[in-house]
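Novice: Take a look at the following structure, please.
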Amino acid sequence: MIQQSSTSAAQAGGVAAPPPTGTVRLTINGQQHTLQIAPWTTLLDALREYVHLTGTKKGCDHGQCGACTVLVNGKRINSCLSLAVMHEDHDITTIEGLGSQENLHPLQQAFIDHDAFQCGYCTPGQICSAQGLINEGRAHTEEEIKEHMSGNLCRCGAYAGILNAVKEVVDSKSSESRR
Amino acid sequence: MNPFTYSSATAVEDAVRDNASHEGAAYIGGGTNILDLMKENVARPTHLVGLNKLPLTAIEPTPEGGLRLGALATNADTAWNEEVKRRYPLLNQAILAGASPQLRNMATNGGNLMQRTRCYYFYDTATPCNKREPGSGCGAIGGFNRIHAILGASEQCIATHPSDMCIALAALAATVRVSGPNGERAIPFEDFHRLPGNTPERDNNLEPGELITGLDLPAKGFEKNFSYLKLRDRNSYAFALVSVAAALELDGDTITDARLALGGVAHKPWRDQEAENLLKGQPATPETFARAAAKVVESAQGYGSNNFKIELARRAIVRALKQAAEGSQHASDVFLNSNP
Ligand SMILES: Cc1cc2nc3c(=O)[nH]c(=O)nc-3n(C[C@H](O)[C@H](O)[C@H](O)COP(=O)(O)OP(=O)(O)OC[C@H]3O[C@@H](n4cnc5c(N)ncnc54)[C@H](O)[C@@H]3O)c2cc1C
Ligand code: SF4
Ligand code: FES
Ligand code: FES
């Protein structure tokens, strides 16, 4: 519940009232953050503008492109169509939480190996989405991976590389689990 | 987005009370439709009642032998629920045909029923729209109306209901359970959504402040012979131009029971019981299917750019019924439109 600060600082003389901010506690990449934000702050804006984790991208801001994909309790969602305040008590993972410069996540390495991007703008969303796909464990064949990655658009059209990169990691996971 | 206040409810009664005590309040489930509309300034609630902590996520058997889907269960959890897959594979396929994995992880069952039309003029506040602003006119009539209705439209509005899930729910004859300021009630699925008539601003028959708590599926799931056929501009992550939910019960080659509902063609999920009656007792042949399809589109009307939908719907019905009779679709973890 957001505690509303007083909005009584009236709109006298056409001066807009200060936005009613409240305290929202988010757990992002294992770290607790206490933010003072307005209730209409989307999870995407909270991540980028308040926590300064700018790996997560804003493409369309309307659920249509997947650039803003993050993991919430291990499940992929579009952070642009969700309010930050809806995610107190949730475990949020962004691209920054998956790997680091020194220690690349297998999907990051596979994206490099397979030339799975050009401009790179869609890439954090693609990789978070692919991690969600792997957590779900439902897509195995190329056709299934294509369908289950369809929520992530790439304006550079790097789809062939993206598919190969995701397939490689999916395959390696399933051979791991057979061992 | 306009400024608003937010509260999170943990019990149904609290959600209903909180909603009723704020003028201009709205519920928020997954947020995938209402936040989109708020960003476009089409929806301007002053207060949001967050539902995601309500204990309505269960999917459990009903005393009548059916299955109850909690209103706050996500579309993804519903599609992949083992009982849904085993007993209601038509619903599994319809849900997976919609939106994207990310959106299905967020979207709730209650929100899916309540999602608003994707009519471009409804979204564009610079144009007239009787649904958004009653009395202002309809931009789609005489405008570009490729995605619009061919059945049951009115001179006020020719919008379509965009849901895939709801087409399966219509075919399965689900019941919508709601709780409101005046208590609880159950609404048969066919009576839930409305035709536009002279009140296109009303999408459905929910009363102000009422909260959807669950969806009851009857015992009969048509798990052997069904098809959800969705036709669209690209084969994934796009709304239906025309979709068909077909379900048959067969005794040998004879159809003993039939359900037929269409999406993308009307202001509500379009179930046609007269066409279903033309199928019952008949042999499962292309001729029978063609008769039912002709019945559905008998009263269809195009508005210019959407004229193609009439023939598309007719053929889609025949194909979906054929797929259902062949038993060629199965519940799965992925929707891969089968187009034999
Ligand atoms: C890019 C994109 C593509 C999409 N493609 C498809 C598609 O192909 N097929 C398809 O079927 N859908 C599609 N959708 C729509 C999606 O399925 C809906 O947005 C979603 O189901 C809405 O559920 P929600 O919980 O997010 O609703 P919200 O956005 O939270 O709410 C929607 C409305 O329902 C009300 N509401 C929510 N819960 C309740 C309740 N329990 N009781 C009463 N009222 C309630 C809210 O007040 C609001 O008015 C798409 C959406 C996007 C953004
Ligand atoms: S079809 Fe309906 S929703 Fe679209 S502009 Fe006309 S009145 Fe508005
Ligand atoms: S920015 Fe969220 S889906 Fe495009
Ligand atoms: S790499 Fe440029 S958008 Fe995908």
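The values are calculated or read from the model by the stated rules, or taken from the named source; none is laboratory data. Note that the structure is a prediction, hence the values are computed from the model and not measured. Here the Cβ positions follow ideal geometry from the backbone for every residue, glycine too, while neighbour counts run over all protein chains shown. The area values use the complete protein model at the heavy-atom level, side chains included, leaving out ligands, DNA and RNA. Shrake-Rupley method; radii C 1.70, N 1.55, O 1.52, S 1.80 Å.
Novice: Given labels modelled 7 Å from the Cα in the Cβ direction, how far is it in nm from B:Ala219 to B:Thr285?
Specialist: 3.4 nm
Novice: For the stretch A:22-174, what is the percent of antiparallel DSSP beta bridges, rounded to the nearest 5?
Specialist: So the antiparallel bridges amount to about 90 percent of the total.
Novice: Note down the nm distance, to one decimal, between modelled labels 7 Å out along Cα→Cβ at B:Asn2 and at A:Thr23.
Specialist: 3.0 nm
Novice: Still on this structure: Calculate one ³J(HN,Hα) per residue across the stretch A:45-58 by plugging θ = phi - 60° into the Karplus curve 6.51 cos²θ - 1.76 cosθ + 1.60, and present them in order as whole Hz with x for glycine and proline.
Specialist: Values, residue by residue: 5, 4, 5, 7, 8, 10, 9, 6, 9, 8, x, 6, 9, 9 Hz.
Novice: FRET efficiency for A:Glu88 and B:Glu60, Cβ-Cβ distance as r, R0 = 30 Å, nearest 0.05?
Specialist: It comes out at approximately 0.65.
Novice: Hey, got the average number of other protein chain Cβ atoms within 10 angstrom for residues in A:141-151?
Specialist: The mean count of partner-chain Cβ atoms within 10 Å per residue comes to 5.
Novice: Give the cross-link partners of A:Lys58 among the aspartates and glutamates, using a straight C-alpha distance below 20 Å as the criterion and excluding same-chain residues fewer than 8 apart.
Specialist: Output for A:Lys58: A:Asp45, A:Glu49, A:Glu96, B:Asp36, B:Glu40.
Novice: What FRET efficiency do you get for B:Arg17 and B:Phe308 if R0 is 56 Å and r is their Cβ-Cβ distance, rounded to the nearest 0.05?
Specialist: 0.70
Novice: How many Cβ atoms of partner chains, on average, are near each residue of A:125-136 if near means within 10 Å of its Cβ?
Specialist: Counting Cβ atoms of other protein chains within 10 Å of each residue's Cβ and averaging gives 1.
Novice: For chain A, what are Rg and Dmax over the alpha carbons, in angstrom?
Specialist: When restricted to the Cα atoms of chain A, Rg and Dmax are 18.6, 72 Å.
Novice: Regarding the stretch B:4-43, what whole-number volume in Å³ per residue does the convex hull of its Cα atoms give?
Specialist: Per residue, the Cα convex hull of the stretch B:4-43 comes to 70 Å³.
Novice: Per residue of B:99-112, what is the mean number of Cβ atoms on other protein chains within 10 angstrom of that residue's Cβ?
Specialist: 6
Novice: Oh, and also: Scattering from the C-alpha atoms of chain B alone, worked out with Debye: what is log10 I(q)/I(0) at q = 0.08, 0.09 1/Å?
Specialist: Ignoring solvent entirely, the Cα scatterers give -0.36, -0.46.
Novice: Something else now. In whole Å, what are the Cα extents of the protein assembly as shown along the three principal axes, biggest one first?
Specialist: 66, 63, 49
Novice: Quickly rank B:229-237, A:67-75 as a protection proxy: mean count of other C-beta atoms within 10 Å, highest first.
Specialist: Taking the mean over residues of other Cβ atoms within 10 Å, the ranking is A:67-75, B:229-237.
Novice: Projected onto the charge dipole of chain B (+1 at Lys/Arg Cβ, -1 at Asp/Glu Cβ, origin at the Cα centre), which of B:Ser163, B:Ala300, B:Asn225 gives the Cα projection farthest towards the positive end?
Specialist: Of the candidates, B:Ala300 comes out farthest on the positive side.
Novice: Report, in cubic angstrom per residue, the convex hull volume of the C-alpha atoms of the stretch B:225-338.
Specialist: Each residue corresponds to 97 Å³ of Cα convex hull volume.
Novice: Let me ask you something else. Average the reciprocal distances over every distinct pair of alpha-carbons in the stretch A:22-74, invert the result, and give the Kirkwood radius in Å.
Specialist: 11.8 Å
Novice: While we're looking at this one, here's another question. Just subtract the alpha-carbon distance of B:Asp253 and B:Ser299 from 0.36 nm times their residue separation and send over the number in nm, one decimal.
Specialist: 13.6 nm is the gain from fully extending B:Asp253 to B:Ser299.
Novice: Let's see if you can work this out: charge +1 on each Lys and Arg Cβ, -1 on each Asp and Glu Cβ, no other charges. What is the dipole magnitude of the protein assembly as shown about its Cα centre, in debye to the nearest 20?
Specialist: In total the dipole reaches around 700 debye.
Novice: Once you have the Kirkwood Rh of the stretch B:254-307 from its Cα pairs, apply Stokes-Einstein at 4 °C and 1.567 mPa s and quote D in µm²/s.
Specialist: It diffuses with D of about 108 µm²/s by this estimate.
Novice: Counting only C-alpha contacts under 8 Å and six or more residues apart, can you give the relative contact order of the stretch A:22-174 as a whole percent?
Specialist: 24 percent
Novice: Here's something else I'd like to know. Would you mind working out the magnitude of the charge dipole of the stretch B:5-49 relative to its Cα centre, with +1 at each Lys and Arg C-beta and -1 at each Asp and Glu C-beta, to the nearest 20 Debye?
Specialist: It works out to roughly 100 debye.
Novice: Here's another thing I want to ask about it. What is the list of residues in the stretch A:50-78 whose amide nitrogen lies under 19 Å from a point 7 angstrom out from the Cα of B:Arg118, following Cα to Cβ?
Specialist: Backbone N within reach: A:59-68, A:78.
Novice: Compute the FRET efficiency between A:Cys119 and B:Ala126 as 1/(1 + (r/R0)^6), taking r as their Cβ-Cβ distance and R0 = 35 Å, and round to the nearest 0.05.
Specialist: Step by step, r from the Cβ atoms, then E = 0.65.
Novice: Something else about it: Please work out the C-alpha center-to-center distance from the stretch B:137-168 to the stretch A:131-179 and express it in whole Å.
Specialist: 36 Å
Novice: Sorted by accessible area (1.4 Å probe), largest first, how do B:His330, A:His62 line up?
Specialist: Result, largest first: B:His330, A:His62.
Novice: Under a straight-distance cross-link criterion of Cα-Cα below 15 Å, which aspartates and glutamates are reachable from B:Lys295, leaving out those fewer than 8 residues away in the same chain?
Specialist: Answer for B:Lys295, where 15 Å is the Cα cut-off: B:Asp272, B:Glu274, B:Glu276, B:Glu287, B:Glu311, listed by chain and number.
Novice: Taking just the alpha-carbon atoms of the stretch B:51-168, what radius of gyration and Dmax come out, in angstrom?
Specialist: Expressed in Å, the Cα Rg and Dmax of the stretch B:51-168 come to 17.3, 50.
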